[in-house]
Amino acid sequence: MTAVATGADPKTWVERLALSAIFVGCGIGIGVWAASIPLLKAGLQLSDGELGIGLFGFAAGSVASMQVAAYLARLLGTAAATRLSAIAFALALILPALAADLVSFTAMTFIVGAATGLVDVAMNVYASELERRWGAAIMSSFHAGFSGGGLLGAGLGAALTFAGPTVMLAGGALVIAALAAAAWRSLREAGAHTDAHAGSPRRIGIVLVALCVAAFLCFMCEGAMADWTAVYLMNVAGVSASAAASGFAAFSLTMLIGRLVGDACVRKLGRARVVGLGGALAATGLALAVAEPTLLAASIGFALVGIGLSNVVPVVFSTSSNYGSSPAAGLATTATAGYAGFLIGPVVIGFLAQDFGLRTAIALLIVCAATVALSALTLRSTATR
């Protein structure tokens, strides 16, 4: 372990805490945004279908902006890109509350999604660079901060529900801006990273494709967990609406726990084993939920999915920064693939559920998680740990 990794460099510890604040702030923003959606829907009198169109704008904006984020990181440096994109996210978060109809709402959600994509890539590229200088795995701790921030944001949104969506979103924006301001001076530009992975262009391309597949399928499963666990428990397990919330709660809680211990697992087991075992654990949890669709069994299954997938994305993002023309380009490529999966997954589940039943549709995710586990074979052949 290096001197930096043992904490001998106080400036690097401060830098890590500052970047953690950015991740927490962005998680809070997403949590507040999610909590505000029902109020925005009611205020604009949107149908379920119209809301779906509006929320599609968010996902589309996220995917569209990620390659732009890679360009900005190369042009401005990762510290500057992280600072500016965090402030852009804070400002954009307020916009949906200003919408007057479906068209303007969709335009505003596109802007919020674009800002989300910018900050997501920028802060993850910065995290991968800091991890390299740190000398040990620390990426999962940043993603734990994001997950924890999401829970805090949901709580903040719930506390401000009485004041309406404008105050909710403005409150979230102020928190993000405050955390970004506090972190501003502690974020510093690193030297140019030239430690790209050695190997033939064909080999590098194969690894990057495998990482994109893992990101796509992992995000696909995460999106399905967010959108379909409650519906599954209500329609298949036959539980009440209040009890149905326990499925996603179990998934979210174990994902947070998994990320809190993720760095230690990566250091102990290596990246390939974390992805392989995580994908296998997620597939097992999904199989349990499908085979035994009761409240207890399905909730345990969804909890296994959460802990299994918790560190796949941090590992994939960290590894992909070693591939491509630059760390930003490699990470932006896998992030784009991941968000595409998050966008497509719930839709695919919906179409399959309509024709074959929700239980069969959820069973498809077993294949997705198992494929994530198999992607570890590609990681195992790399020199990264």
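The values are calculated or read from the model by the stated rules, or taken from the named source; none is laboratory data. What you are looking at is a predicted structure, and each value in this text was computed from that prediction instead of being measured. Cβ sites come from the backbone with ideal geometry, for glycine too, and all protein chains shown count toward neighbours.
Figures for the structure shown
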item: Wholly within segment 293-385, helices (runs of 4 or more DSSP H) carrying at least 1 residues that are without any contact (Cβ under 8 Å) to a residue 12 or more places away in the chain and either out of contact with any His (no Cβ under 8 Å at 6 or more places or on another chain) or more than 22 Å from Ile138 (Cα to Cα) (or both); result: 295-309, 327-356, 358-380
item: Wholly enclosed helices (runs of 4 or more DSSP H) of segment 1-97 bearing at least 2 residues basic (Lys, Arg); result: 10-44
item: Near pairs, Cβ below 6 angstrom, 6+ apart or cross-chain, from segment 1-25 (closer than 23 Å to Gly150 by Cα and at pLDDT 50 or above) to any residue that is of a type outside the set (Phe, Trp, Tyr) and outside any helix (DSSP H, G or I); result: Ala18/Leu187
item: Near pairs, Cβ below 8 angstrom, 6+ apart or cross-chain, from segment 237-260 (within 24 Å of Val274 (Cα to Cα)) to any residue that is outside any helix (DSSP H, G or I); result: Thr254/Ser310; Met255/Ser310; Leu256/Ser310; Ile257/Ser310; Gly258/Ser310; Gly258/Asn311; Arg259/Ser310; Arg259/Asn311
item: Matching residues, segment 329-378, being over 28 Å from Val119 (Cα atoms) and touching a Leu at 6+ places or on another chain (Cβ under 6 Å); result: Ala361, Leu365, Ile366, Thr371
